[in-house]
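S.K.: So that we are looking at the same thing, I have put the structure below in structure tokens.
Bear in mind that the values in this text are calculations on the coordinates, not laboratory data. Just so it is clear, the structure is predicted and the values come from calculations on it, not from any experiment. Cβ sites come from the backbone with ideal geometry, for glycine too, and all protein chains shown count toward neighbours.
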């Protein structure tokens, strides 16, 4: 694959990283064109991404045989990454596979960096993520949608969304992703679950929940593998339902997450995979959509299959393995589940 111009869309807080400046210089010295766009306010990442996509499309029209592939490196947190991904979906044509648009690369500079963690990128070394762009492989990736709004990583509804919103910025700076876990534990005694009905394809679950997480990626809430088997190229979303528990049950939830990640059945959580997911709540429920807060009573999820191109390690856990003979989805369909049901 021929790498064309690289546009680094950079969160303003990361602009002071001298090692990132050195990485930009190294790529330029190696012959790559690198343009830097610094973001200072909400909307900047999407605006810059649209400009790059439009310029790339114009170049393709004028040079149909050109082999160059424009790259947009989103340098920020999951919110910055999602803004860029949503803009690429918009420019590529809603619901269409875009095999010629700019390629998305990830340079993790956020607090949680959940998508980058799941992708297998070196999240503790963002400049290295930029430097390795020429060595990564290009893959078509799914994009989830919530009520028509694209998201790349995950949507958390209920208490999980509240935790993300209420986490203190100073605590996040000190503890990183663990700040979300600390905030959740600290406020759990004051939390009342939401009454919801969840429909995942033909499966239906209803009861009181602390959270429902719908993932295209695997991590949410600062490095917690809430949807640990999600793939970004299989045309499905993974759903994890977290039922209402008291403080005494909070540890069991964490143990269940570890169990699911290791392929063992959970005792409290309900986990499944689906092409479409609907959450109906008795009252408006808070949602965190890759860092964007929303509130609604009816949440409808679907998938844009292989909608954008993304640079990832060839061995990224987010990629589906090669097809196996007679492989199939072992989960059943058409089941009605009440609160307390386990993994289907």
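S.K.: Mind sorting 237, 319 by how few other Cβ atoms lie within 10 Å of their own Cβ, fewest first? Walk me through the numbers before you get to the answer.
M.R.: Details: 237 28, 319 20.
Least to most surrounded, the residues fall as 319, 237.
S.K.: Mind giving me the FRET efficiency for residue 229 and residue 282? R0 is 22 Å, r the Cβ-Cβ distance, nearest 0.05 is fine. Let's see the in-between values first.
M.R.: Values: r = 30 Å, r/R0 = 1.35.
Result of the calculation: an efficiency of 0.15.
S.K.: Which of 100, 156, 316 comes first, and how do the rest follow, when ranked by fewest Cβ neighbours within 10 Å?
M.R.: With the sparsest Cβ surroundings first, the list reads 100, 316, 156.
S.K.: Just to be sure I understand the model, the point goes 7 Å from the Cα along the line to the Cβ. What's the resulting residue 275 to residue 251 distance in nm?
M.R.: Each label point lies 7 Å from its Cα, and together they span 4.3 nm.
S.K.: Still on this structure: Could you calculate the FRET efficiency of residue 197 with residue 38 from 1/(1 + (r/R0)^6), where r is the beta carbon distance between them and R0 is 41 Å, rounded to 0.05? Before the final figure, lay out the partial values.
M.R.: On the way: r = 44 Å, r/R0 = 1.08.
Computed FRET efficiency for residue 197 and residue 38 comes out at 0.40.
S.K.: Please give the length that would be gained between residue 208 and residue 59 if that part of the chain were fully extended, namely 0.36 nm times their separation in residues minus their C-alpha to C-alpha distance (nm, one decimal). The partial results should precede the final answer.
M.R.: On the way: separation 149, 0.36 × 149 = 53.64 nm, distance 5.26 nm.
The span from residue 208 to residue 59 would gain 48.4 nm if fully extended.
S.K.: For segment 3-135, what's the radius of gyration and Dmax over Cα atoms, in angstrom?
M.R.: When restricted to the Cα atoms of segment 3-135, Rg and Dmax are 14.1, 41 Å.
S.K.: Given labels modelled 7 Å from the Cα in the Cβ direction, how far is it in nm from residue 295 to residue 68?
M.R.: It is 4.8 nm.
S.K.: So for each of 123-132, 77-86 I average, over its residues, the number of other beta carbons within 10 Å; can you give me the resulting order with the highest mean first? Can you show the working numbers first?
M.R.: Numbers: 123-132: 19.0, 77-86: 26.8.
Top of the packing list down: 77-86, 123-132.
S.K.: What length, rounded to one decimal in nm, is gained on full extension from residue 30 through to residue 13, with 0.36 nm per residue of separation minus their alpha-carbon distance?
M.R.: Details: separation 17, 0.36 × 17 = 6.12 nm, distance 2.64 nm.
Between residue 30 and residue 13, full extension yields 3.5 nm more.
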